[in-house]
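The values are calculated or read from the model by the stated rules, or taken from the named source; none is laboratory data. Given the structure is predicted, the values throughout are model-derived calculations rather than measurements. As a convention, Cβ positions derive from the backbone with ideal geometry for all residues, glycine included, and neighbour counts pool all protein chains shown. We work out accessible area using only protein heavy atoms, side chains counted, and drop any ligands, DNA or RNA first. Shrake-Rupley method; radii C 1.70, N 1.55, O 1.52, S 1.80 Å.
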Amino acid sequence: MTNDSTHAATAEVTAIDTQARVPLTLLLAAGLIWLVISGVLGVITSIQLHTPGFLADCSFLTAGRAQAMRETSFLYGWIANTGLAVVLWVLGRLGGSPLRALNWTVAGTIFWNLGLAVGLVGIGLGDMTSFASFQLPRYVGVLMLFAYAAIALPGVLAWSGRRSHGLFASHWYGVAALFLFPWLFSAAQLVLLWSPMRGTLQAVAGGWYTQSLWSLWLAPLALTGAYYIVPKVAGRLMPSYDFAPLGFWTLIFIGGWTGGRHLVGGPVPAWIPTMAVVACTMMLFHYILVGLNLRIASQAGGTAIKFIRFGLVAYVLTGTLDALTSFRVIAVETQFTFMATALEQLGVYAGISMMLFGALYYMLPRLTGRPWASAALTTGHRVLVSFGVVLLVATLAVAGWTQGSDLLDSKLALGEIFNRLRVPLMVGTAAQIALVAANLLLVVNFFRSACVCCATSTPSETPFRQPSALEAHAS
Amino acid sequence: MKNGFIFLLGLFTAIALSWAGIVLGTHAQLGALTPYYDDTEGKSFPERTTGIAASGQLVYADLGCAACHTQQVRRPDYGSDQARGWGERQSVARDYIHQSLPQLGASRLGPDLANLAGRKPSAPDAEDLLKLLYAGSLTHPPYKFLFEQKSIVGESSARALRLTGNLAPAPGHEVVPSDRALALVGYLLSLNTAYDYPESLPATPPAAGHAPDTKQEAKK
Amino acid sequence: MSTPLNSDPRIDQAAVTDESLQSAHDVLLGKQPDEKARYKLLPLNLLFLFSGLIFLAGTYLNRYAGHFDPHIYNENSIPVKGGAVAAVVVDPVVAGKKLFNNAACNTCHMVNGVGQPGAIPPLVGSDWVTGSEERIIRIVLHGLQGPITVNGANYNSAMPPFGRVAGSGFNWSDDKIASVVTYVRQEWGNQAPPVTTAKVTEIRTKDGDRKPWTVDELQKLP
């Protein structure tokens, strides 16, 4: 603890929060809008899975394109905007002084989302690239890179100008996310879109991008918030924190090597999937250590922690299942099936998104200086979204498993397999609808809380308790 | 900020290493893969794709057909691809060297298409494919927007689909596939993996050779 | 202590300050100068778990990486030194079956090798197939014409040359000839030893270019 008693450490909400209110709320709002859009697209694509004729005459929403738009708006709309807001805010708090150059963030947010919107319309009109999680058309790439740099600038400044000297876990993850995405994105742009590699090398590079996106960007975005909020609310030191660096560097160094994850048995030399299996196994270090560090989440309460706890369990589960299903014996059942989709949703929805929801719930009251507008909407959102995501992942997993074993039986015609998938896929649609409904609750709650005119309590009476100092020897 | 600089350097090394290993590594190995010249047949394989097939591949890509179809056949003892008649051998990197946008795909709600035109005993023909695209089926979405329904002026178009039953257009009208539909079908009909490369032939693991004496030894 | 703090779902209370959060964790990493460096070994169970994982991963990599050979697609095959293509041990029966059925022998002898009554002799159970390897190699290399008796039935027709010899429309390499002959000798219940490429080359060089064989000529040779 510092002996400077006038320092802001005494108050929970400071200029760091108030000055960042508008830019960060803007990012959060953009994220939520995309969340709803991708949710609606999710309902459409999930209907198209069991009723192929649905909206088929509309070329803008034909199955392949709607699917690409759903994924893109989810990753680059919802997760990117929200995740960046969380990272900027956490880096600001840890840096100990108000974020600088936030105007850049505002400008960046506008252009990022503009670029994304143009890109989505482009996908609808047939300009998509054919790489998973990288479908944005070529022409928005450069714009989005610049916009990203502008958004991230205050975060980098806060990090380099921080007061304390050590680096905290959230620093590692936050800075890694901010710093690595541009490299990743531009490297992929280069070899996939500007001067495309030959033949199946594209699939290898595409796999590298998808897997790196997960481990170098999506996961760090969410973990930045989790590593900050969990000990902060629980008021404890993180157990096994001395191994947290090992966990971090495993993620960063090994992540990209899982690139051949989905190419088992495919037209690439055998060593590429083998390398991915090995990397997925080694990644277990990371997941185990994250689980160990953040297990104190089970000893705390509150909306944010409940979300983050859910997200962490799903995150660790994703890592474990990813490692298991990467092995060839199991992959032969799960490859090319809905099991892959289930794991993806387990990761990005039940894992990353739930952690981001938690961070959002924690952060917004500090930005606005007031609690969330409605307790009922908060709880309602949490219950409904948890239900929806569990249902979604479970039905996809069931569908994937039956599909996998059916595909192995060469006497079973594809039409027959399809018929057996119908029921789980219909339940999947119900889950998607539940998710949209849940997220609409969040949107209403968010706009009521964020917008000044809807304020119910006067900001003068601060609702925040005084935090105390963390005892270094407690464990 | 020495500390911070080293940290950034670490991050950069991490991404550079995996990039070099996975992307540049395979590029070094396979980037210069050449077609295979068969001196018996006097030509190289895979054969160059025709213009219509190349433009059809773009249509396939922009409609996102890869959301439900793969184009990669796995080896016989790994999955049922060959037992389902999707191909007679494992797909290898050489198969794709002339393709500008290889569509390996990752989901098999529909069949694999790597060897669509070479399927035995019977591969679909252009008319089958156009009808499927126009009408769809219980399991396949229709792509009516790739076709044009118009009234017959003078003689009916040679391209018009021969549709019967409730699919038939109103009298005096015909359904004509667009250029995009024809390109797509041209592309689909170019998909075949009939030619065997040395590396695509099934390998017998040395331990489990088919010579009778090794088998007996293994039993002991 | 944290549960009563967070009873209101609308707001999450923080228990500790940012400053103390960071400095307390810094101490754990041994970064704070006033603290003696606390190097702790991995706890034993973690150590075991992690070394187990590393061992598993290492073994898998060693076993299934196909020696990082760009032409190895089956992780079970192990490359032979020198030459990537030779690395793959090709099963001649599989290769031969493809050749047989690829608009070649199957058009006359049929897929199941039974031939066509009165026109094309069967390959199933034929002594010409399972008997002398030299004779069948010669037939497939240079073709056959004139009367022949197979399984008690008489035929009199012509079979085209398949080898890389003058007048052959197929020009198959010795390798292909060896595979297809091995295939017909081991399929449909036929049981005869395989034929090597070297043997085919030997016979082809010995015979040179010639017209299709007749049964009489063949019977004079082994």
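Okay, here's what the table says:
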| read-out | value |
| --- | --- |
| Subset of segment C:160-217 [part of a helix (DSSP H, G or I) and among the hydrophobic types (A, V, I, L, M, F, W, C)] | C:ILE177, C:ALA178, C:VAL180, C:VAL181, C:VAL184, C:ALA198, C:VAL200, C:ILE203, C:VAL215 |
| Number of positions in segment B:93-106 that are open to solvent by less than 30 Å² (accessible area, probe 1.4 Å) and at the interface with another protein chain (Cβ under 7 Å from one of its Cβ atoms) | 7 |
| Scan of segment A:211-251 for residues that are outside any helix (DSSP H, G or I) and not hydroxyl-bearing (Ser, Thr, Tyr), ordered by number | A:GLY235, A:ARG236, A:LEU237, A:MET238, A:PRO239 |
| Matching entry among C:ASN112, C:ASN106, C:ASN101 (being modelled with pLDDT under 85 and surrounded by fewer than 18 Cβ atoms within 10 Å (Cβ to Cβ)) | C:ASN101 |
| Residues of segment A:223-247 that turn out to be touching a His at 6+ places or on another chain (Cβ under 6 Å) and facing chain C (nearest Cβ under 10 Å), as a count | 1 |
| Lone qualifier among A:ALA359, A:ALA413, A:ALA375, A:ALA350 - being farther than 30 Å from B:GLN82 by Cβ and free of Cβ contacts under 8 Å to residues at least 12 places away in the same chain | A:ALA375 |
| Among (1) at pLDDT below 90; (2) not in a loop (DSSP other than H, G, I, E, B), the one test that B:THR193 misses | (2) |
| Candidate set from segment A:197-222 (those that are facing another protein chain (nearest Cβ under 7 Å) and open to solvent by 10 Å² or more (accessible area, probe 1.4 Å)); member that is nearest to the chain's Cα centre (by Cα) | A:ALA203 |
| Near pairs, Cβ below 9 angstrom, 6+ apart or cross-chain, from segment B:135-152 (more than 8 Å from chain A (Cβ to nearest Cβ) and surrounded by 15 or more Cβ atoms within 10 Å (Cβ to Cβ)) to any residue that is in a helix (DSSP H, G or I) and at pLDDT below 90 | B:ALA135/B:LEU167 |
| Single unsatisfied condition, C:LEU44 versus (1) more than 7 Å from every other protein chain (Cβ to nearest Cβ); (2) modelled with pLDDT under 75 | (2) |
| Which numbered condition A:THR250 fails, given (1) more than 13 Å from chain B (Cβ to nearest Cβ); (2) β-branched (Val, Ile, Thr); (3) over 30 Å from B:ARG89 (Cβ atoms) | (1) |
| The one condition in (1) acidic (Asp, Glu); (2) over 30 Å from A:VAL191 (Cα atoms); (3) within 11 Å of chain A (Cβ to nearest Cβ) that B:ASP62 fails to fulfil | (2) |
| Number of positions in segment A:256-300 that are of a type in the set (Gly, Ala, Ser), under 24 Å from C:ILE72 (Cα atoms) and assigned to a helix (DSSP H, G or I) | 5 |
| Residues within segment A:52-65 that are facing another protein chain (nearest Cβ under 7 Å) and not in a loop (DSSP other than H, G, I, E, B), tallied | 4 |
| Subset of segment B:61-80 [over 13 Å from the mean Cα position of the chain (by Cα) and more than 22 Å from B:LEU133 (Cα to Cα)] | B:ARG75, B:PRO76, B:ASP77, B:TYR78, B:GLY79, B:SER80 |
| Among the residues listed as C:SER179, C:SER157, the single one being hydroxyl-bearing (Ser, Thr, Tyr) and surrounded by 16 or more Cβ atoms within 10 Å (Cβ to Cβ) | C:SER179 |
| The listed residue being within 30 Å of A:TRP183 (Cα to Cα) and without any contact (Cβ under 8 Å) to a residue 60 or more places away in the chain, out of B:LEU109, B:LEU104, B:LEU63, B:LEU30 | B:LEU104 |
| Selected residue [buried (at least 20 other Cβ atoms within 10 Å of the Cβ), touching a helix residue (DSSP H, G or I) at 6+ places or on another chain (Cβ under 6 Å) and within 11 Å of chain A (Cβ to nearest Cβ)] from B:GLN82, B:GLN90 | B:GLN90 |
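For (1) more than 7 Å from every other protein chain (Cβ to nearest Cβ); (2) at pLDDT 85 or above, each residue gets a yes or a no:
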| site | (1), (2) |
| --- | --- |
| C:PRO9 | no, yes |
| C:ALA15 | no, yes |
| C:LYS31 | no, no |
| C:TYR39 | yes, no |
| C:PHE50 | no, yes |
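Conditions tested, residue by residue: (1) more than 11 Å from chain C (Cβ to nearest Cβ); (2) in a helix (DSSP H, G or I); (3) on the phi < 0 side of the Ramachandran plot; (4) open to solvent by 20 Å² or more (accessible area, probe 1.4 Å).
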{"position": "A:PHE336", "(1), (2), (3), (4)": "yes, no, no, no"}
{"position": "A:THR341", "(1), (2), (3), (4)": "yes, yes, yes, yes"}
{"position": "A:GLU344", "(1), (2), (3), (4)": "yes, yes, yes, yes"}
{"position": "A:SER353", "(1), (2), (3), (4)": "yes, yes, yes, no"}
{"position": "A:GLY358", "(1), (2), (3), (4)": "no, yes, yes, no"}
{"position": "A:ALA376", "(1), (2), (3), (4)": "no, yes, yes, yes"}
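For (1) among the polar types (S, T, N, Q); (2) over 14 Å from the mean Cα position of the chain (by Cα); (3) away from every other protein chain (no Cβ under 14 Å); (4) buried (at least 24 other Cβ atoms within 10 Å of the Cβ), each residue gets a yes or a no:
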| residue | (1), (2), (3), (4) |
| --- | --- |
| A:ALA15 | no, yes, no, no |
| A:ALA20 | no, yes, yes, yes |
| A:LEU24 | no, yes, yes, yes |
| A:VAL43 | no, yes, yes, no |
| A:GLN67 | yes, yes, no, yes |
| A:TRP78 | no, no, yes, yes |
